[in-house]
Amino acid sequence: MASVLPPLAVVQAQLEAYNAKDIDALLATYAPDAEQYVLHGERLAQGHAQMRERFLTRFAEPGLHARLLSRTVVGAMVVDCELITRNFPEGLGTLEMLCVYEVVDGHIQRASFATGAKRLGPPSPAD
């Protein structure tokens, strides 16, 4: 029987797969019926098929990168604050994102996201 990764390792693997734009490795960190939400709001995706579509759209952005600013782990919950570099219609920019992951049996079961204000321009070293 394979060992189950702890929540911290699962979320770190998810972040690394995101930055590598490796859709299969990223989806492997999520349960097949996982759900993604706007924090305290609408569901963004349910299941691998919907998540694949969302992530592949994002992965098409050449400058996409998530930099971990802080991480807190409490039991099965992992909360990341990240600085995301994106290619917005107006140009390259960044936004802060709060990511709340619930890990069950070695897979992300539920993820909720809150985004900060969009800032145009490349990330500065202070970011």
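Read the figures in this text as sums done on the coordinates, not as results from a lab. Remember, predicted model here, so these are calculated numbers, not experimental data. Don't worry about glycine lacking a Cβ; one is built from the backbone with ideal geometry, like all the others, and counts go over all protein chains shown.
All other residues whose Cβ lies under 14 angstrom from that of residue 22 are scored, Lys and Arg at +1 and Asp and Glu at -1, for a net of +1. Principal-axis analysis of the Cα atoms of the chain puts helix 47-59 at an angle of about 20° to the longest axis. Taking 0.36 nm per residue of separation and subtracting the Cα-Cα distance, full extension of the segment from residue 114 to residue 95 would add 5.8 nm. Enclosing the Cα atoms of the range 7-119 in their convex hull gives a volume equal to 96 cubic angstrom per residue.
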